[in-house]
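See structure below.
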Amino acid sequence: MTNHISDARWLAPSEPANKRCIDFYKDFDIDSDVVSATLTASALGVYKAELNGKKVGDIALAPGRTSMRYTVMYQTYDITDLLKNKNHIILTVAGGWKSLYPHEILSNPSLPSAEPAVIASIDIEYADGTTQTILTDCTWKMQYSKIVMSDPYDGETYDATFTPPQPVNAEPIMYPRNCLVPQINEPTREKEIIKAVKYLKTPLGEDVIDFGQNMAGFIEFSCSGKKGDVFELECGETLDKNGNFYNDNYRKAKAKVTYISDGKKAKYKTSMSFFGFRYLRLTGWNGQVDIKDFSATAVYSDMERTGYIETDNKDLNQLFHNIIWGQRSNFIDVPTDCPQRDEKLGWTGDAQVFCKCASLNYNTYNFFRKWLMDMRNDQRPQGAIPHVIPNNANWASPSSSWADACCIIPWQLYLIYGNKQILEENFMMMKAWAEYIISKDDEYFNSDKHFGDWLSTDVPDTLYTKGGTSIRFMTMCVSVKTLEIVTKAAEVLKIRGADFREEADNLRRRIVNEFFDKDYHLKEKTQTAFVLAIECSIWPEKNAEFAEELAKLVEKNSNRMTTGFVGTPYLLYALSDNGYTELAYTLLFQKEYPSWLYPLSKGATTMWEHWDGIKEDGSMWSDTMNSFNHYAYGAVGDWIYTRAAGIQYEEQYPGFKHVTISPLPDPRLKYLKASIVTERGLVSSEWKTNGKAITYTIVIPDDIKGIAVLSKKKYDLKPGTNEFTLSL
Ligand code: BGC
């Protein structure tokens, strides 16, 4: 049945809601037999629907976060079984992300907060063939909800004692309806439920509970008290070195749930915003804490899980666990940098570096397709891509590697899922970005808006480090890669007039002129410089030399990396693709800071923003920028899938039409298995050694062609299971 949401009116509170949630409701009767009925609803903000006392549907945080100035998604729910003769429907709405400019709001709290609005149609089909449509309009009522405060950063307050004033008629507002589109990506849903595992009375005497897993989602608890008693739950990701509750790293985000009791025993679950947390500090329980009263629900876009990695090394297994939880905590309609502090923003650079790993772990096609729509909407007229999408912070000047997400992500999705649609939809954005780079040239390469090799450790410890590699060099290298991608995308789409090879070659020549010495050696002597020279094919004939210099730098640094956001994702590839596989594994197994495994020694259950978020002595790296749930460095997972396990998809056969399984065993591991549910079925690669021989077990689906490259020898693969035992 078609819905009539575009005939409905937007309803908004008649006076500023001041972060209160509003209930819009309507009573309606039904006196014939219903064959089917749907509710189609959306909001500027966040909404949930309840019909006759029951929650409608299983979607969380609807309508989903988009660049709302341009596009607002709606959801359609089957409500046939919820209807009665007399019906009461409530749409509860909170301001949510609506037109938030977090940095401006947080630095200037007197700015008006976002006002929510809601829109809906109920479409009913009767047994006698007639239909009825109920639309949001001035016959609906509105009143304040008992959720008296809801904010994406500050949390949620429920006042059970609150008696709302008399309801008033809802007032339709003039707001366009042509921004409404049906849900594009998988909706956000409640996924894993995690019970509290431990109650702690901290040295400071505070009541703290531990869920054992850092995550993002909802909080559920029971409490009982006298009328007016206040129960508070504050979020934290880690304890401090003395074992006390710590959340200074949330900065201005209060991340707190408050429940005001009406004297009755209550069970409450948050629903209008999500929290990033592992620990909760409790106030109001006065030591009477039963951990059975607390649970956490991970909430994220309901993508299909596709990728798994397991090894005989418990640290690597934990690293993979942390990568998965980093993704679960940050893929809530928008790929956010982190789910806890006063950001929760769709940072383009972070998404770009993690996109490949993310898309092997889960089927992210619809998720990124939706976000790329937001990116197209937010692209600036001259082609610049803002740092965060949705562009809540209203940034305009682009940064290299961050803005390049607009090309790298569609291309990556095309390679993994083999669907040209993603290139077709985004090609104009990609081309406009390439043209921006070319037209701005030095103005862009020399801009001070680049984040450089963000957070690299090759410069003295400073708060916001852009690293030790020349930003101009990095920007030019990454631009070469981007121009190549746009050219290849144009070829796939058979679009003329978008061949940027000449511009890419010109840039290569300029890089060689400026950044190579008279003997043609790269003058930038940093790990990231050599990694980028290889990754961006600046001078492919010299890759062996770049890799040798890179290897020397790594070894000189006691087998540790110094790379930041830009260099780290490609570091192991640069080594293993050029003859340094053993060193790549040494870096992967490294436990000293900076390394992927160091955070494990401090109990990490998700990826950290900084390699040393918690230092050796237990002190914090900083309070101001120290997220313990930042997925970006989880990008190393794709090296494990595609190099350690060797499941390589090929550019000329996108979507795994053909695979080359070319595993790279290492004597420090006895067993490694990776599997990916591809568009064409399960591909898995496993190797097991007993010290004398190694057995490879490779599975490919029926309609994939593939070869295995084992100890440099090629073998054809047949559909199904293939086993090879070779002596070591
Ligand atoms: C975010 C990053 C982001 C960066 C820009 C930070 O505040 O958390 O992950 O990419 O800013 O450099």
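If only one of Trp608, Trp596 is within 16 Å of the ligand (Cβ to nearest atom) and either under 26 Å from Asp666 (Cβ atoms) or surrounded by fewer than 24 Cβ atoms within 10 Å (Cβ to Cβ) (or both), which one is it? Exactly one of Trp608, Trp596 is within 16 Å of the ligand (Cβ to nearest atom) and either under 26 Å from Asp666 (Cβ atoms) or surrounded by fewer than 24 Cβ atoms within 10 Å (Cβ to Cβ) (or both), namely Trp608.
Whenever a residue of segment 337-359 is closer than 16 Å to Arg251 by Cβ, its partners that are more than 10 Å from the ligand (Cβ to nearest atom) and part of a strand (DSSP E or B), lying with C-beta atoms within less than 6 angstrom and at least six residues away or across chains, give the pairs Pro339/Ala216; Pro339/Gly276; Gln340/Gly276. If you go through segment 640-674 and keep only what is surrounded by fewer than 23 Cβ atoms within 10 Å (Cβ to Cβ) and of a type in the set (A, V, I, L, M, F, W, C), you end up with Leu664, Leu669. Per the listing Glu679, Glu686, Glu650, Glu609, the residue uniquely among the acidic types (Asp, Glu) and assigned by TED's automatic domain parsing to the domain that holds Leu455 is Glu609. If I filter segment 567-586 for residues that are away from the ligand (no atom under 16 Å from the Cβ), under 29 Å from Gly212 (Cβ atoms) and out of contact with any strand residue (DSSP E or B) (no Cβ under 7 Å at 6 or more places or on another chain), do I get at least one hit? No, the conditions are met nowhere in segment 567-586.
In summary, strands (runs of 3 or more DSSP E) completely within segment 119-213 and bearing 3 or more residues that are under 25 Å from Ile260 (Cα atoms) and in contact (Cβ under 8 Å) with a residue 24 or more places away in the chain occur at 141-144, 147-151, 155-159, 188-195, 198-201.
Looking only at residues of segment 464-489 that are β-branched (Val, Ile, Thr) and within 16 Å of the ligand (Cβ to nearest atom), we find that the one that is surrounded by the most Cβ atoms within 10 Å (Cβ to Cβ) is Thr469. Residues that are out of contact with any Lys or Arg (no Cβ under 7 Å at 6 or more places or on another chain), within 16 Å of the ligand (Cβ to nearest atom) and without any contact (Cβ under 8 Å) to a residue 24 or more places away in the chain: does segment 525-532 have at least one? Checked against the condition, which is being out of contact with any Lys or Arg (no Cβ under 7 Å at 6 or more places or on another chain), within 16 Å of the ligand (Cβ to nearest atom) and without any contact (Cβ under 8 Å) to a residue 24 or more places away in the chain, segment 525-532 yields no hits at all.
In segment 544-587, what count of residues is obtained for those that are over 32 Å from the mean Cα position of the chain (by Cα), under 23 Å from Lys356 (Cβ atoms) and surrounded by fewer than 19 Cβ atoms within 10 Å (Cβ to Cβ)? The qualifying residues number 1. Identification of strands (runs of 3 or more DSSP E) wholly contained in segment 614-728 with 2 or more residues that are within 16 Å of the ligand (Cβ to nearest atom) and within 32 Å of the chain's Cα centre (by Cα) yields no element.
Within segment 422-463, if we keep just the residues that are crowded, with 19+ Cβ neighbours inside 10 Å, charged (D, E, K, R) and within 23 Å of Thr562 (Cβ to Cβ), the residue that is nearest to the ligand (Cβ to nearest atom) turns out to be Asp453.
With part of a loop (DSSP other than H, G, I, E, B) and of a type in the set (Lys, Arg) as the only criterion, which of Lys19, Lys48 stands out?
On the way: Lys48 fails: part of a loop (DSSP other than H, G, I, E, B).
That would be Lys19, the only listed residue that is part of a loop (DSSP other than H, G, I, E, B) and of a type in the set (Lys, Arg).
Within segment 642-656, work out how many residues are farther than 26 Å from Val486 by Cα and touching a residue at least 60 places away in the same chain (Cβ under 8 Å). Break it down into steps so the answer makes sense when it comes.
Keep residues of segment 642-656 that are farther than 26 Å from Val486 by Cα, which gives 644-646.
Next cut, touching a residue at least 60 places away in the same chain (Cβ under 8 Å) only: 645-646.
Residues that pass the stated criteria total 2.
Residues that are farther than 18 Å from Thr482 by Cα and of a type in the set (A, V, I, L, M) were ranked within segment 385-406; the one that is nearest to the ligand (Cβ to nearest atom) is Val388.
Is it the case that some residue within segment 274-281 is in a strand (DSSP E or B) and surrounded by fewer than 23 Cβ atoms within 10 Å (Cβ to Cβ)? Break it down stepwise before answering.
To start, the set of residues in segment 274-281 that are in a strand (DSSP E or B) comprises 275-281.
Next, from what is left, pick out any that are surrounded by fewer than 23 Cβ atoms within 10 Å (Cβ to Cβ): 281.
Yes, the conditions are met somewhere in segment 274-281.
Surrounded by fewer than 18 Cβ atoms within 10 Å (Cβ to Cβ) and either at positive phi or not assigned by TED's automatic domain parsing to the domain that holds Phe320 (or both): does that describe Ser619? Reasoning before the result, please.
Details: surrounded by fewer than 18 Cβ atoms within 10 Å (Cβ to Cβ): yes; either at positive phi or not assigned by TED's automatic domain parsing to the domain that holds Phe320 (or both): yes.
Taking the combined requirement at face value, the residue satisfies it.
Those helices (runs of 4 or more DSSP H) of segment 306-384 in which at least 3 residues are within 16 Å of the ligand (Cβ to nearest atom) and in contact with a helix residue (DSSP H, G or I) (Cβ under 9 Å, 6 or more places away or on another chain), considering only elements entirely within it, cover 314-330, 348-361.
Answer with yes or no whether Asn313 is out of contact with any strand residue (DSSP E or B) (no Cβ under 8 Å at 6 or more places or on another chain) and of a type outside the set (A, V, I, L, M, F, W, C).
Values: out of contact with any strand residue (DSSP E or B) (no Cβ under 8 Å at 6 or more places or on another chain): yes; of a type outside the set (A, V, I, L, M, F, W, C): yes.
Against the criterion (out of contact with any strand residue (DSSP E or B) (no Cβ under 8 Å at 6 or more places or on another chain) and of a type outside the set (A, V, I, L, M, F, W, C)), Asn313 qualifies.
For Ser479, state whether it is assigned to a loop (DSSP other than H, G, I, E, B), within 20 Å of Ala533 (Cβ to Cβ) and of a type outside the set (Lys, Arg). So Ser479 fails the test.
The values are calculated or read from the model by the stated rules, or taken from the named source; none is laboratory data. All figures in this text were calculated on a predicted structure; none of them were measured in a lab. When we count neighbours, we look across all protein chains shown, and the Cβ atoms used for this are built from the backbone with ideal geometry, even at glycine.
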